[in-house]
Amino acid sequence: MFWPFLLPALLLYVVFFIAPSLASLWISFTKWDGVGEMRSRGIENYKILLGDSAFLGAFGYTLLILVVVGAATFVVSFALTMVLRDMKGKAIVRAVMFFPYIVAPVVLSVFWGFMFSSDGLVNNAWHAVLGGTGPNWMANHLSAIIMLGLTWVNTGFYTTIIMAGVDRIPPDLYEDCSLAGATAWQRFRYVTLPLSWDVVATAAVLWTISSLKIFEFIYAFGGTTNDMPPLSVWNSALFIYGSTFGGRVPQYQFGYASAAAVVMLAAVTVLVVLLRRLLRREAVQF
Amino acid sequence: MGSRSARTDTGPVRRVGIVAVWLLVAFNIGVLLWMLLAALREHTAIFREPWGLSSLGRFGNFVKAWSDSHFGQAALNTVVLVVASSVVVVAVSAPASYVLAKTKTRISGAMAVFFALGIGIPVQVIVIPLFVMMQDAGLVNSLGGLFVLYVALSVPFTVFLLIGFFGSLPEEIEEAAAIDGAGALRTFVQIVLPVARNGLITALILNLISLWNETFIALVFIQDSGKQTLSLALLGFLQTQQYSGSDYGALFAGVSILVLPMLALYVWLGRRIIEGLTVGAVK
């Protein structure tokens, strides 16, 4: 019964994931608007990409989100885990912090935008506490605002994962620590971190994959169904959408955008392989 | 340092940490409350005093969002689409995951890895060929087409999740069924599925949530406002505000229509949702 059970899912997967991935590679060597004739173009698309400041900027912002938001999220998550480890009401805290993760990113984005709009919540508080008008966040600090928002959304999820890893560490190891007079930092450095390392490594891979998929949270800052947000906050996902279906006047540059897609897929692959290699450690038995 | 025990650590750093944790919790609850309350307030009041509570009780915002901005139609579309695709993707993935979890051959191992690869492929990478494909099939700008895409694109995660669940079921169940002389299909439907009910329900809920919130695919494949899903309706609503003047009260009413069902689901089944979403990383 192996094949009959497997086949429907396998078929869907091959037709809607594997074949389109290969097709993207194929289309990336052409000039095509999706309707007219498909003209072969060799590696021309890739050459143009390398000189396209919009693409390079988008790719750079993708990596910036990956590193900055990733680092912030993991530091905060670890800090929260250490505090929550033996705190009262830990289940409730975890549940509340996790919640943004299951809310539509569009909604979070709308709220985040309102919070930092010129007369929004933040500047109102700013006026009340510091006086004067606050900075124009949306115009001058949009990229930082977006990264702050992404950290907020993701913290609950990664805290939960890291907590699950830390919870498996036998408590008597911590008792040994206190007998030996270890400081909080030493406890973290020599017990918590090494013993939850495999969970951290998996979480890092997970974050890498999901950070490259980020789209809606940034897109909704454009404000409408048709308007893209400013070029300065495009990531590679937005770049692909912006050069094909997005914007008031869609570009339909299928060949060119496919080249960007292939670069993105290559980036995911390289990053995941690299991370796994980098984070590999001897498993600690406990 | 001395003999302070790890369990009763009450250093200043820790106290700051505890305060920070509760501030974060308060922030998250505050955000939710603020959005729900803003949905019941009048536009100018929200702007005049965003932190205030004046002019509370404007249920008209909901009426406005529901009827003027296609939220009613969109809600109906979303519910039907999301429920149907979640049920179908679980139905398609369950048998596959079952054989992949229970067959210990080289090919089943390779297949499991092959499916997991799909989780790493961002949908933006394959959206162009998908669009061309669906266009050829006449399935662009159709809810039927969106249904097909939602099912297909949810397969890798669902298969991955369910392999874990089926793998954790004890072998004795099928052995007992085999002794009773049940065939493979009967064993699966009558014996394995009921035992795996918990895993199937978790998979169903997680798909409901992610498809309920899905925006990108809908954005690319749906153009008519009558075929919009809720997240598209919300984006569309932002757009009409640019022409007819913004109305944040009605906007947050729209936001609430999108969030409240998820909040209800979360309050009811939060534990299961959290465990289901993180199980893959922790195992």
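In this structure, does B:Asp180 turn out to be over 29 Å from B:Phe47 (Cβ atoms) and more than 20 Å from the chain's Cα centre (by Cα)?
Working: over 29 Å from B:Phe47 (Cβ atoms): yes; more than 20 Å from the chain's Cα centre (by Cα): yes.
Yes; evaluated as a whole, the condition is true for this residue.
Among the numbered criteria (1) part of a helix (DSSP H, G or I); (2) away from chain A (no Cβ under 11 Å); (3) surrounded by 18 or more Cβ atoms within 10 Å (Cβ to Cβ); (4) at pLDDT below 90, which one does B:Ser67 miss?
Tallying (1) part of a helix (DSSP H, G or I); (2) away from chain A (no Cβ under 11 Å); (3) surrounded by 18 or more Cβ atoms within 10 Å (Cβ to Cβ); (4) at pLDDT below 90, B:Ser67 fails exactly one: (3).
Looking at (1) within 26 Å of A:Met264 (Cβ to Cβ); (2) facing another protein chain (nearest Cβ under 9 Å); (3) surrounded by fewer than 21 Cβ atoms within 10 Å (Cβ to Cβ), which is the one condition that is false for A:Val106?
Here A:Val106 clears every test but (3).
Inspect all residues belonging to segment A:176-195 and state whether any of them is more than 8 Å from chain B (Cβ to nearest Cβ), charged (D, E, K, R) and touching a residue at least 12 places away in the same chain (Cβ under 8 Å).
No, segment A:176-195 contains no residue that is more than 8 Å from chain B (Cβ to nearest Cβ), charged (D, E, K, R) and touching a residue at least 12 places away in the same chain (Cβ under 8 Å).
For segment A:84-93, how many residues meet the condition of being facing another protein chain (nearest Cβ under 7 Å) and not β-branched (Val, Ile, Thr)?
Summing the residues that are facing another protein chain (nearest Cβ under 7 Å) and not β-branched (Val, Ile, Thr) in segment A:84-93 gives 3.
Need pairs with beta-carbon distance below 7 Å; first residue within 13 Å of chain B (Cβ to nearest Cβ) and touching a residue at least 24 places away in the same chain (Cβ under 8 Å) and within segment A:65-83, second surrounded by fewer than 21 Cβ atoms within 10 Å (Cβ to Cβ) and outside any helix (DSSP H, G or I); sequence gap 6+ or separate chains.
none
If the requirement is being surrounded by 21 or more Cβ atoms within 10 Å (Cβ to Cβ) and either part of a helix (DSSP H, G or I) or touching a residue at least 24 places away in the same chain (Cβ under 8 Å) (or both), which of these qualifies: B:Leu219, B:Leu169?
Details: B:Leu169 fails: surrounded by 21 or more Cβ atoms within 10 Å (Cβ to Cβ).
Checking each option against the conditions leaves just B:Leu219.
Could you check segment B:70-86 and list, in sequence order, the residues that are within 14 Å of another protein chain (Cβ to nearest Cβ) and either hydrophobic (A, V, I, L, M, F, W, C) or surrounded by fewer than 17 Cβ atoms within 10 Å (Cβ to Cβ) (or both)?
Hits for segment B:70-86 are B:Phe71, B:Ala74, B:Ala75, B:Val82.
I need every pair where a residue in segment B:99-128 that is more than 10 Å from chain A (Cβ to nearest Cβ) has its Cβ under 6 Å from the Cβ of a residue that is in a helix (DSSP H, G or I) and not small (Gly, Ala, Ser), sequence separation at least 6 or different chains.
B:Ala101/B:Ile163; B:Ala101/B:Phe166; B:Ala112/B:Leu100; B:Ala112/B:Ile163; B:Ala116/B:Phe160
Going by what's in this entry, would B:Val148 be described as loosely packed, with under 15 Cβ neighbours inside 10 Å, in the same structural domain as B:Val89 (by TED's automatic domain parsing) and either of a type in the set (Gly, Ala, Ser) or assigned to a helix (DSSP H, G or I) (or both)?
So B:Val148 fails the test.
Of the numbered conditions (1) among the β-branched types (Val, Ile, Thr); (2) facing chain A (nearest Cβ under 7 Å); (3) touching a residue at least 40 places away in the same chain (Cβ under 8 Å), B:Ile274 fails exactly one; give the number of that condition.
(3)
The values are calculated or read from the model by the stated rules, or taken from the named source; none is laboratory data. All values derive from a computational prediction rather than experimental measurement. Every residue, glycine as well, gets a Cβ built from its backbone with ideal geometry; the counts of neighbours run over all protein chains shown.
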